[in-house]
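Colleague: Provided herewith is a single structure, encoded as C-alpha cells, for subsequent inquiry.
Please treat every number below as a calculation from the coordinates, not as lab data. Small disclaimer: the values here were computed from a predicted structure and weren't measured. So basically every Cβ, Gly included, is an ideal-geometry build from the backbone, and we count neighbours across all protein chains shown.
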Amino acid sequence: MIQTIKLIEKFEKFFNVESWVVNNLKIWPVLRIPLITIWEEKLFYSNEEYTKNRTSFSTVYRDVATLYRSLKSLTHGKRTNNVSRADVVVYGYDSGRRISYNNRDYSVFADAMQSVLGKNVVVRAIDWNRNRDTNPYNSNYDYTMFATISKYLAKAYGIFSYPSIKNIPYQDVKEWCNENKVPSQGINKRDITRLYSQILIWKHYHKILLRLIRPQVVYIEDFYGTYGFGIIMACKEQQIKVYDLQHGVAGASYHRAYCNWTRHPKEGYQMMPDGYWCWNRQDQLAIQKWGAGIFTPPEVIVGGKLEKLIHDKQLVPTKRYNDDLKTLKSRLFSKIIVISIQHEILSEIFIQLIKESPKNWLWCIRCHPSYGPSTELINLARKESNCEYLISSKLPAYSLLNIADCHVTLWSTFTLDAYYSGVPTVLLHKAAIDYFSYIIDDKHVQYSDSIVQSIKCISESTSFSPIIMEPASLDVILGKNRNTH
C-alpha cells in the first residue's frame, strides 16, 4: 500500500533504525514488516476482511491438534524425514499450496522446482504443514512438530534470557506513532525479546538440518517471518546462498517486505536473503531499486511462477482433473467466473454481487489455500444453485483458469495467475489499486467500486493472450552467477 510505504519511509527518515540492535544483531527487519501490517489493518481494512481474531484458547487448541496429527502420522510411518544430501532446499510454509497428483500431494514450490530442474538436480522440500497432513510427492523433511513447539520454547527462553537491547527509543516511537495516528504495537522490550528468541531457536534448529543436507542454495517460500529470518541466519553462518521464492504480490505491488527499504547498513541486514526469485520484470526492478544502496546488492532473478511453468510445459499431467472440469463446463451457464477469497471470510460484497448478477453465470469460488470454506460460503452454496466451491478449491489454479471467462477478487494474488492466463479480472477493494497498479487498465484488469459497475465489467470482459513463462537457467537457480562487489 502506497500510503503505508510512504509512512514507513517517513519513520525510517526520523529514526536511525539501522542502529537498533539486540545482542549485536540489527533487528529492524523483524520490526518493520509487522509494524506496516498493523498500520495497513488500521488504515485500510474492515474487521470482516481479515481473519477473525483467535483467542489464546483456540490457538493452543489448534497447536495441540497439529501436534496430535504429527505424532499420529509419525507413528504410522507417513511422515518422511529425509536429511540426505541435496543440491537445492525449498522451505515451504503450510500444506495448502499443493495439488493432488498420483494420489500424492504435489507442492507447487518444492516439487515444481524439482520438475523444472530435472532428475540430475536433487531438490529437498523442508515443510511445515500446520493445517493438515500431507502425503508428500517427493521425499521431504517435515518439521511441523518443531514449528508448533518453537513459539512456546521462545516464550520460555524469553523469560529467562536478558538480551542486550540498544538504541531503540521506545517512548519517542510511541509519540511519533500517536502523532501520525497509527499503532506502535510491537516496539517494546517484551515483544522484541520474544521475536529475538524465536529467531534464535529457528536458527539453531535449521543449522543442524542444513549441516546434514549440505545444499548449494536454499529457497524460502516466505522469508519475512521469524522462521524465515532464523533460516536465513542459519544459511549465512554456513555460507549457503539463500533466496526468497516469491509466493504472492511483491515489490511492484508495494508489499511491505519487498518495497522501499530506505534505511539499511551498507553491508545489508544479516536476516535478509542474498537474493529474490521474482515472477516478473516489474517486481525485479522494484527490489533492485532499493537494493542498489547495499554494498553487495541482492541478486534478483526473474524465474517466473513455478506453478505456471509446470503447467505451460506440461511437466505434471493434469488429466485426473478432466472429470471435474467437465462437471463445471457441463452446467449450461453463459459465463464461468472465478472468485478468489483471502483468508477465511467470504466478504459480503461477493454475496451481494452473486445475488444481483444474472442467474446464468456460474460462480466458482476458490478458498484461500491455507483455509477451508467458511460457514458463510457453505450457506451461500446451499442457497444459490449457480455457486460452487468444492471443485474450484481443489483444482490446480491454471486448470481452473483454462475454463474461466473472468476472475473477481478483493485484492488476491490470484489476479496475477489470471493475468498470466489471459483471463480478465475485476478488483473490488481499494487496496488492489496499489497492489496491481502496474497492470490495471480498462480491459484486462479493472477496478470497480460498485455492484452495477462490477456486473458491467464482467459482462463486457473478454479473454486475451496468455503470458508464456520460461524458467531461469540452471546456473542462476543454483546461485552460481552471484555478483560480488
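Colleague: Have a look at the DSSP beta bridges in the chain and tell me what percent are antiparallel, nearest 5. Show your work: numbers first, answer last.
Modeller: Working: 9 of 52 bridges.
If I count the DSSP bridges inside the chain, around 15 percent turn out antiparallel.
Colleague: Moving on to the next point. Using a cut-off of 27 Å between alpha-carbon atoms, which lysines can reach LYS329, once sequence neighbours fewer than 8 places away in the same chain are excluded?
Modeller: LYS305, LYS308, LYS313, LYS319, LYS355, LYS359, LYS383, LYS394, LYS443, LYS456
Colleague: Mind checking the dipole of segment 164-252: about its Cα centre, +1 per Lys or Arg Cβ, -1 per Asp or Glu Cβ, Debye to the nearest 20? Present the calculation step by step, with values, prior to reporting the outcome.
Modeller: Working: 12 positive and 8 negative charges, 89 e Å.
Dipole of segment 164-252, to the nearest 20 debye: 420 debye.
Colleague: Under the classification rounded if a/c is under 1.5, otherwise prolate if a/b is larger than b/c and oblate if not, where does segment 319-460 fall, given a ≥ b ≥ c as square roots of the Cα gyration tensor eigenvalues? Write out the running numbers ahead of the final one.
Modeller: Values: a/c = 1.35, a/b = 1.24, b/c = 1.09.
Judged from the Cα gyration tensor, segment 319-460 comes out rounded (a/c under 1.5).
Colleague: Turning to a different aspect of this structure: Counting only pairs 8 or more residues apart or on different chains, how many lysine pairs in segment 102-255 have their Cα atoms under 18 Å apart?
Modeller: 12
Colleague: 7 Å from Cα along Cα→Cβ at both PHE464 and SER139: what's the point-to-point distance in nm?
Modeller: 4.6
Colleague: About its Cα centre, what dipole magnitude does the chain give when the only charges are +1 on Lys and Arg Cβ and -1 on Asp and Glu Cβ, stated in debye to the nearest 20? Don't skip to the end; give the middle numbers.
Modeller: Numbers: 60 positive and 46 negative charges, 261 e Å.
So the dipole magnitude of the chain works out to roughly 1260 debye.
Colleague: Further question on the same structure: Work out the charge dipole of the chain with +1 on the Cβ of Lys and Arg and -1 on the Cβ of Asp and Glu about the Cα centre, then indicate which of GLY268, ILE440, SER399 is farthest towards its positive end.
Modeller: GLY268
Colleague: Run the numbers for LEU474 and ILE391: contour at 0.36 nm per residue of separation, minus the present Cα-Cα distance, in nm.
Modeller: Values: separation 83, 0.36 × 83 = 29.88 nm, distance 3.55 nm.
That pair, LEU474 and ILE391, stretches by 26.3 nm at full extension.
Colleague: In what sequence, highest mean first, do 135-142, 248-255 appear when ranked by Cβ atoms within 10 angstrom? Walk me through the numbers before you get to the answer.
Modeller: Details: 135-142: 20.1, 248-255: 22.6.
Descending packing order for the listed peptides: 248-255, 135-142.
Colleague: Could you order peptides 428-440, 328-340 by the average number of other Cβ atoms within 10 Å of their residues, highest first? Before the final figure, lay out the partial values.
Modeller: Numbers: 428-440: 18.8, 328-340: 17.2.
Top of the packing list down: 428-440, 328-340.
Colleague: Sorted by packing (mean other beta-carbon atoms within 10 Å per residue), highest first, where do 226-238, 19-31 land? List each step's numbers first, then the result.
Modeller: On the way: 226-238: 22.6, 19-31: 18.8.
Highest mean packing first, the order is 226-238, 19-31.
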